[in-house]
Every structure is written in C-alpha cells, then in structure tokens.
Amino acid sequence: MSLGVAWTAFHSFREHTAQRAAFPIEEGRVAVRGLAGELQISRDARGFPHVEAHSAADAFFGWGFVHAQDRLAQMLTLRMSARGRSAEIVGRDALEADRWARTIAFGRLADAQFELMDPASRDLLVAYAAGVNAHIDRVRAGQAEPPVAMRALDPLEPWQPADSLALAKLYSWNLANSVAASLVLRDINGRLGSRAAKVFFPKGSGAGADRSAGEVTAGLDLAVPHGLNNRVGRGTRVWQQNGAQTSVQRSRQASGLTQLARGMGLDGRGVGSSAWVLDGHSTESGHPILAADSHLEPTAPSLLHVSQIRGGDFEATGAAIPGIPVFWTGYNRHVAWASTHANAATIDLFEEKLGEADPGQYHDGSRWRAVVVRSESLAIQRGTTEPLEVRTTRHGPLIHTLLADENEPLALAWVGALPDVKSPVVSMTGVARAESAEALLVALSEHHEPPLAVVYADGSGSRGLQVAGWLPVRPLPTDLVPLPGRARWYDWGGRVPFEQLPDSSGHNWVIAADNPLSGGADEPKIDWLWRSGARTQRIEALLRAESKRGGVDLRRMAALQADVVSQRAPKLVASALALAGPEQEWSIQARDVVSLLRDWDGRSTPGSVGSSAYHVFVENLTASLLRLSIGDELTRRYRALRQVDTHAVLVELLRLASAGELQALEEVAPRQIHEAVRQSLRDTWLQLSYRLGANHDKWGWGRLHRLSFRAFGPDRRGERMEAMFELPYGGSSDSVNTGEFQNSDTFDVRVASTFRIVVDVGSLDKSLVAIAPGQSEHPQHPHYRDNLSDWLRGHAGLMTSDKVLVRELGPRRLTLQPAP
C-alpha cells in the first residue's frame, strides 16, 4: 500500500469515527442543569423524538435538547447567519450576506423583541435555550463530540433565548424578501410604461389593477425643496436634481441576499407550502382530513425537524425549524393546522433625497433630518475585521450601497423591523395550545410575522382558512416599486385589522396553495406577490374526484400529494400552437416536437418523454417572448426573481397575442410571436437531441430533471452526497408534488416537497409523515437519509402521539434528570 493510499484510508477512518462520535445519546439516564423534573425522550423507528415532561417549561427544555442533538450544526449555522457572523466560519465569501444581516439587524431586532415579550413566552424561550445548552455543555465537557460541520466553532457559544427570535427574523425575511422584485418591476415600468408593464406584475398589485404609483402622484404637490422636481414619464418616476437628469439605474439583487436565502434552504421561486382540508362528508371517518407539504430546497438535513412534545398544558406534534420552538404545521388532541406562506408584501423601498452638501441629512418632505448612523465591525476568519456603517432614515436602513449598479438612495421599510411586532413564538404557541378552531383563530389574531395563510380543522368538524400577520395599511397603491420617500401618502397607516384579513370556510374543502387570497372589494387593499393558482386548480380537481368517490382515508389523501399532473399545460400548449402559423411552415424538428406534445398526458413522471418536450419548449418560448418584450438583461433578472411565476406571464402574453391585444407592447409584432413559437419548437428538438441523444425513447423527464441534496447552509465545495446525487425526479413547479427546476441552463430540481403530513381530525393521535432525506444531520447516522426511498415513491410513515404506541414503537428511551 502506498503512503498516499494509506493516508487516505486513515483520514477516511478518522472522519468516520468523528462522525459516529457526534451521534446523539438515545438511551440511558443523563443529569443536566436547568431541568425541574425528570423527562423522557423516546425515539421511534425513523428517529422522531417524543418528549414527555411534567411541565410545559420542561417540555420546551426537552425540545431544545433534541433539536441540539439532531441539528446542532444547522442551528449554529443559522445563528451565525442571522447575527451576521457567517464570515467567521466561511471567510470573505460570506461578507455580503453578513452586511445584509447586520444592516437589516436581525440580531438587534431579536434582542429588543425578547425584552418586550410577555413573561410566559420568555420563560418558554429560556427553557428551550437551557435545553440546547444542556447538550452544548456535554459537548464542551467532552461527553459528546461536536458535529463534524461545526469543528470551527471552538469553544461553542451558549444558545441565548433571543437567538431563537433572530432565527425567526431571518426566516420571516427570507420568505418576504421582495427587494429584487421591486427593482426589476421598476425598471420594466421604465421600459414599457405602467399599462404595458402590468402583465409582468402580480395580479392585484397596483399595476395589475391598472393604477400605478406614478399615475397617482402625477399632478400632486410633493412639497419638495427648491431644486428638486418630480415628473412622471411613461409610468415611472424620473428625478431631476439641480437640472441634471438621473434616470433609473439598472439594478440587480445583491448576491448577499441570495446567500441569506440559500443558507436557509429558501432560495427558489417555489419556496412555500400547499395545504388543504377536505370536509368530513367525503371522508371515511366522517371528520375533516388535513393535508400539507412544504416546498424547500433539497438539503441535508432538511430545514424542518419532526417531533412530538408533551408537558403540562402543552401537547403538540408537528414540524419545526431547529432553533425556533414553533410548530408551523402540526396537531394536538383537538385541532390540526398547516401554515403556508401568504405571499403578502411586507417590504417597501423608499427613494430618499440626501443633502448634496451634507449627505448626513435627508429630506422627509417637510424638513431636513439627520441620517442616523450605526457602526458595526464584521469579523472574518483568522482574526481580521471589516467595518460596516449602517445609515438609517425614518423608513429604515439605506441599502443602495449593498446593491450593484444602484445609485438612487433607497431605504428599506420592513414589517419585521417594527418595534411592536410580536414573535411567532407567541402566536404559534397559542395555536399549539388551542382546544378548538375558535381558540386557534384567537391565537392567530396575535400573529405578526411572517404573514401566513393557515388552514385548520377541529374534531367538531369546523375547518377553514385564515390569513394572519402584521400587514401594513397602504393609503395608496405602491405597484411594488420604490416609492418617493418625501411623499408621506405612502407611509404605512398601521396594521390591517385581523378581522379584515382574508378568510374562508369553503364548502367541501379549503385550500391554501398558490391561489389568490383576496376575498373581495370590501377587504382593505393588500399588496400580494405572485399567486398564479396553477397548483390550486389541480388540487381542486383531485379533491372533486375524491369527493365523488367518498370514503377518503389517510392513505388516499397522502396519495394526492404525489400527483405530478400540470393542470394548465394542455391549455398552454394549445394556445402556443395556435400562434405557430400554418403547419406547412413548420420545420421537421418542430413537427416532431408538436407530435410529442399532442400525445402527452400532462403527467411529469420521470419516464415521460412528453414532459421533457413540454418543459423545454415552455422555457424556450418564455425566454423568447420575454426577450422580445423587455430585452435580454431584464429577462435575465425577471426570470431570476424568487417569487415570480414566469409561466403565468407566458399564458397572459399568449392570451394577448391570440386576442390581438399586444399593441401595448410596441416592440412586439404578431409575426415575431409566430416566429418565436416555431423557433422554440425547433430549439426544443435540438436541445433534447444534444442533451439526451437522437432516440426519442431516451428523452424521459427524469434524465433532465435531476434531484440532488446539498449540505445545509452556506455553499461548501465537495459536500454533495454521492449516494443522493443525480436522482431522476418527477413533478414540476405546477404539480402538487412540487419539483421546481432551474430556468436557465439546467432543469435540475431547485425546490421540492421535502415534508408532507396528513392528519384525520377524528383521530388526532396519529398522522402520516414524510420528510427527506432524514431526521438527523449527522452523516453515517441511521436516520441521515433513511426516509429518502419512501419519500421518493410517495410513501408516508406513521407518526403517533399515543403514549402506549410511542413506547411500543420507540424502544430507545433517554431519561433526563436534574443535575444535583
């Protein structure tokens, strides 16, 4: 054996040994500090912990302990990200993300929020932190090894109660972040004018409602200082300062924002959830059945962790983000609930006027005011530091210096930065304690961030959907574009009252997926981001069919979550082909693709050839029509937006073209549309032939649509797991089983339904749960990827909260007892 081979073998053995040494202790008795009485931790066959204590505080202690056992590296990574300290581990590559985290001030906001919390909520956070620290203390004392991914943190810093709030701020921000969308929409407005640009805006936003911010401000006296004028041109503002025109600058999202989202597994258009409740008239038990899934980046471990917690007046089972003691989706003995992202706009950008002679001042519309300055120091690997100056106006921190190619001073207003915003720990703990649907709604009335659309059901048969969150009252439409900071008409007028937020009790079912949530003209104006309704249409079709059959049970409902049909695909194909011109003008390659599209059944299974033809064609056509409409640069930026549904834009462009209403897009002629469709068909044939070969039988969707799980957290080279690399996968961004893909050079899966749950509220002691790839973050651990094969075939396993079954199914039992 050569020296190199021997060294490799030794290094591999040492790494394997270190990984196994970090496995959590799961049996026996352990004495820990901070615990009032004994608690039991049982683990079932998939590693899901069941914590049983005598009080709610001790239950939260146990919750913190099992989170740290299973996901300590994940928790500490998220804490470093939230507090703007990732560069201490990753190095200079993380500086941009740290600058954003410190500028938005997740950590500072969390520390202040903790001081204002009610005593009961604070006590639970303190108990949770004590549980986390009980495991950290064992690591520091050498009684357990640290996770391999966190060897750089030595010594491990204790978990502070406010750290959980900082993670919740980071989570809320990553769901709400619409900075890039605002800048791109602004520039599209500037290129096309507000009326033509509305096709690119979310329906229901200012532009989508045929009313733009520029049109609202036209003719109004801004009461601005001498030498500063505001005029409206083609639906966008163009500022003049001292007679020198400054047009809107080309801008893009800073990579730091992408790093923040990717570090939490939330970078992708399809990030969010789907949830629905089927009425008891159609179920086998006669009670409602709730189903939900979470759409996340495929990471190892997943963002979510499944557990059951019981102690005192607190008993709940469900999915939480390690580090945040909140069951976003779950159930107790009385109710079940599922949280989905509401996609409501909680961020506004304001264009501020800084003093030319003194940039330390800004004009608020009536007088000059001092910019508030805060100095920060960013630590980097090897002991170096870098200064950061955060400058703030009355709207929020100035962020234009963090954005490439952005010269206009922009201040960021975010709901999560308001001093009176409550933590989700408060509201969602109330939800977990609710004994009825009515009590659950009372708890949701106290929910502030992030904005959620929650579906729920209780044992009496009550079920519904409720939007919850601190949503700003906007006196004027915003278009989701940057607003004039001096115009106080755009200042938020408080919170939309909870009783005025959208809700629904449905008929046979209620759904919260990608469907529009606005309930009607009587509701207050709320700015929504993109919600196309494509997935919702398919869910409705499936529930309609199941209702006619009747007798739906948990397994049948869980099977719906594996559905891979695109409901809008046939109509989209028909609309596109209708614009392709006479068939005699089609190339041989185009005719070949059309044949595949017409034979396709709409299912995106891994072996489907028609699915490959459809998705490649739609991506080519979308890019082509966008480039015709807004140019190459804006097309690239628009397609990169995390929230936008580009296929919905394509549907609308095709509808306008079919109706002969594309005259608003002055640069697009009908003949260009026809040529774009024909060329996209031909390019689809060429692309598939180049990638997969000339044999159509080998054009299966799974050969293009590949799934791999990356290591959770900031990108680290070489950490993709070979055993889970390049798996063929089905689904698409439209299907219930979400498989959103990259829309540029690859169709690799970017977002998938990595967590699923189904609950019958007639028997709230069990559920069906699937989570991929596994419960543990520790490589080589039995529960690192043991859920993957079942998840891939759409199978969900039993999760029970019945004490007898837990002890029967969870033979591994750990007892925590107070240290003397």
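When only alpha carbons of segment 415-555 are considered, Rg and Dmax amount to 17.5, 60 Å.
Computed over the alpha-carbon pairs of segment 63-128, the distance histogram in 5 Å steps reads 4, 16, 18, 19, 20, 15, 6, 1, 0 percent, short to long.
What segment 68-183 shows is 31 Å² of accessible area per residue, with the surface traced by a 1.4 Å probe over protein heavy atoms. Think of the chain as a dipole: +1 on every Lys or Arg Cβ, -1 on every Asp or Glu Cβ, centred on the Cα centre; then among PRO409, PRO325, LEU35, PRO409 lies furthest on the positive end. Only Lys, Arg, Asp and Glu carry charge here, each on its Cβ (+1 for the first two, -1 for the last two); on that basis segment 377-500 has a dipole of about 180 debye about its Cα centre.
The structure shown yields Cα Rg over 2.2 N^0.38 Å, and of the options [x] 1.08; [y] 0.95; [z] 1.20 that calculated value carries the label [y].
Legend: P(r) of segment 241-382 from all alpha carbon pair distances, 5 Å bins from 0, whole percents, reading 2, 6, 9, 12, 12, 11, 10, 9, 8, 7, 6, 4, 2, 1, 0.
Working note: Karplus 6.51/-1.76/1.60 with θ = phi - 60° gives segment 119-135 the couplings x, 5, 5, 4, 4, 5, 5, 4, 5, 4, 4, 5, x, 4, 5, 4, 6 Hz, where Gly and Pro are set to x.
Only one residue of ALA562, GLY365, GLY62 has its Cα farthest out toward the positive end of the dipole of the chain, where Lys and Arg carry +1 and Asp and Glu -1 on Cβ, and that residue is ALA562. Taken over the alpha carbons of segment 123-184 as equal point scatterers, the Debye sum produces base-10 log I(q)/I(0) values at 0.16, 0.17 Å⁻¹ of -0.67, -0.72.
Applied to segment 592-598, the Karplus parametrisation 6.51 cos²θ - 1.76 cosθ + 1.60 on θ = phi - 60° returns per-residue 3J(HN,Hα) values of 4, 5, 4, 4, 5, 5, 6 Hz, with x for Gly and Pro. Amide hydrogen proximity for ARG495: with H placed 1.01 Å from N in the peptide plane, the residues at 5 or more positions away or on another chain lying under 5 Å are VAL473. When the P(r) of segment 38-176 is calculated, the portion above 19 Å amounts to 55% of the C-alpha pairs. Secondary-structure-derived ellipticity at 222 nm for the chain, considering helices only, amounts to -11000 deg cm²/dmol, per-run term -39500 (n - 2.57) for DSSP H runs with n ≥ 4. For THR329, the residues whose modelled amide H falls within less than 5 Å of its own, excluding neighbours fewer than 5 places apart on the same chain, are ALA319, SER339. Pairs LYS422/LYS766; LYS203/LYS525; LYS353/LYS422; LYS169/LYS766: which exceed 22 Å Cα-Cα? The pairs that break the limit, which is 22 Å between Cα atoms, are LYS422/LYS766; LYS353/LYS422; LYS169/LYS766.
Extension gain, ALA370 to SER285: 0.36 nm times the residue separation minus the Cα-Cα distance gives 24.1 nm. Peptides 559-565, 493-499 ranked from most to least packed by the mean count of surrounding Cβ atoms within 10 Å: 559-565, 493-499. For segment 625-709, the Kirkwood hydrodynamic radius comes to 15.1 Å, computed from all pairs of different C-alpha atoms. The HN-Hα couplings worked out from phi for segment 616-629 by the Karplus form 6.51 cos²θ - 1.76 cosθ + 1.60 (θ = phi - 60°) are 5, 4, 5, 5, 5, 5, 4, 4, 5, 6, 5, 5, 4, 7 Hz, whole numbers, x standing for Gly and Pro.
Over all orientations, segment 738-820 has a Cα convex hull whose mean projected area works out to 9.3 square nanometres. For the chain, the share of accessible area belonging to carbon and sulfur comes to 50 percent (1.4 Å probe, ligands and nucleic acids excluded).
Cross-link partners for LYS698 among the lysines, with Cα-Cα distance under 27 Å and sequence neighbours closer than 8 places in the same chain left out: LYS571. Remark: relative contact order (segment 365-455) = 17 percent; criterion is Cα-Cα distance under 8 angstrom and separation of 6 or more residues.
Given +1 at the Cβ of Lys and Arg, -1 at the Cβ of Asp and Glu and no other charges, the dipole of segment 536-663 around its Cα centre is 460 debye to the nearest 20. Rounded to the nearest 20 debye, the dipole size of the chain about its Cα centre is 980 debye, using +1 on the Cβ of Lys and Arg and -1 on the Cβ of Asp and Glu.
Ranking LEU441, THR392, LEU452 by how far each Cα lies toward the positive end of the dipole of segment 346-472 (charges on Cβ) leaves LEU441 at the top.
Restricting the calculation to alpha carbons of segment 30-110 gives Rg and Dmax of 17.0, 47 angstrom.
The values are calculated or read from the model by the stated rules, or taken from the named source; none is laboratory data. In this text the structure is predicted, and so the values were computed from the model without any measurement. Ideal geometry is used to build each Cβ from the backbone, glycine not excepted, and the neighbour counts take in all protein chains shown. Accessible surface is based on the protein model in full, side chains and every heavy atom, while ligands, DNA and RNA are left aside. Shrake-Rupley method; radii C 1.70, N 1.55, O 1.52, S 1.80 Å.
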